[in-house]
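Asks: Pasting a structure here, questions to come.
The values are calculated or read from the model by the stated rules, or taken from the named source; none is laboratory data. Note that the coordinates shown come from a computational prediction; the quantities given were computed from them, not determined experimentally. Cβ sites come from the backbone with ideal geometry, for glycine too, and all protein chains shown count toward neighbours.
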């Protein structure tokens with residue numbers, strides 16, 4: 001399964017909650033964003049999080065919150081680690097809390113103040129209960145899990161939420177929609193030769209303005225983003241197909257073998273041939 005540039009939860013509960021226990025082969029999930037709020041909780045490995053252009057270290061069993069439309073990517077320390085990824089639709093919860101869309105939750109371990117730590121620790125303990133429920137496989141597991149998540153969300157809003165009465169959730173929608181248009185186009189054409197002019201033309205703007213807009217919105221350059229998407233597809237192809245490495249490289253939009261190998265090893269810590277042997 002490819003990790004999408006724009007992540008749309010495939011299935012959620014009537015309350016707009018989706019719980020995913022996942023591993024990341026290769027330890028890398030390329031830059032993406034989604035409409036839902038995300039709670040990320042590594043279980044057995046440390047993780048580096050790129051969020052809006054800044055890199056944060058996320059130790060295991062420490063949660064972080066990624067707000068809707070925040071561009072982010074993750075990289076674990078090691079080859080494989082498991083984490084809990086929870087997506088929550090604020091729109092679905094407006095019947096319980098009409099102002100929920102006005103709250104931005106600011107909860108990143110490196111930015112937590114000393115007075116916030118006791119409640120942060122309490123929230124992490126709540127999330128640890130999800131793993132026990134997952135293992136038990138009881139018929140009411142999902143019901144209990146959603147109850148815990150709602151408690152977690154209430155704590156996050158109460159102690160880490162910042163209310164903005166001036167800005168509505170639709171603020172910045174135009175820029176986000178433009179970037180979303182580009183990311184959708186890139187996912188369809190990542191294996192083609194793509195220039196900055198080609199992408200800027202999709203938005204009918206100049207190349208220079210597009211570069212500024214993309215960097216401001218995503219925190220990295222467009223070329224860095226495109227390379228990450230191509231490398232992710234190449235990694236998945238190496239794991240799940242028998243296609244020769246040289247063909248995988250070309251099919252994923254790379255034209256220089258030396259550059260491909262260097263970029264691949266820098267990101268995944270292994271060469272393409274080493275990953276193929278792991279298959």
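Asks: What number goes with the only condition from (1) assigned to a strand (DSSP E or B); (2) modelled with pLDDT under 95; (3) crowded, with 19+ Cβ neighbours inside 10 Å that residue 68 does not pass?
Replies: Condition not satisfied by residue 68: (1).
Asks: Hey, another quick one. From the list 205, 220, 194, pick out the single residue that is more than 18 Å from residue 175 (Cβ to Cβ), in the same structural domain as residue 260 (by TED's automatic domain parsing) and outside any helix (DSSP H, G or I). Talk me through it step by step, then tell me what you get.
Replies: Numbers: 205 fails: more than 18 Å from residue 175 (Cβ to Cβ); 220 fails: more than 18 Å from residue 175 (Cβ to Cβ).
Residue meeting the stated conditions: 194.
Asks: Same structure, new question: Take residue 15 and decide whether it is touching a helix residue (DSSP H, G or I) at 6+ places or on another chain (Cβ under 7 Å) and in a loop (DSSP other than H, G, I, E, B).
Replies: Numbers: touching a helix residue (DSSP H, G or I) at 6+ places or on another chain (Cβ under 7 Å): yes; in a loop (DSSP other than H, G, I, E, B): yes.
Judged against the criteria, residue 15 is a match.
Asks: Do we have any residue at all in segment 147-161 that's out of contact with any helix residue (DSSP H, G or I) (no Cβ under 9 Å at 6 or more places or on another chain), buried (at least 18 other Cβ atoms within 10 Å of the Cβ), closer than 20 Å to residue 12 by Cα and not assigned by TED's automatic domain parsing to the domain that holds residue 266?
Replies: No - not one qualifying residue is present in segment 147-161.
Asks: Follow-up. I want to confirm something. Restricting to segment 76-101 and keeping residues that are free of Cβ contacts under 8 Å to residues at least 60 places away in the same chain and surrounded by 14 or more Cβ atoms within 10 Å (Cβ to Cβ), which single residue is nearest to residue 220 (Cα to Cα)?
Replies: 76
Asks: Only one of (1) modelled with pLDDT of 90 or more; (2) in contact with a helix residue (DSSP H, G or I) (Cβ under 6 Å, 6 or more places away or on another chain); (3) under 25 Å from residue 70 (Cβ atoms) is not met by residue 205, so which one is it?
Replies: Residue 205 satisfies every listed condition except (2).
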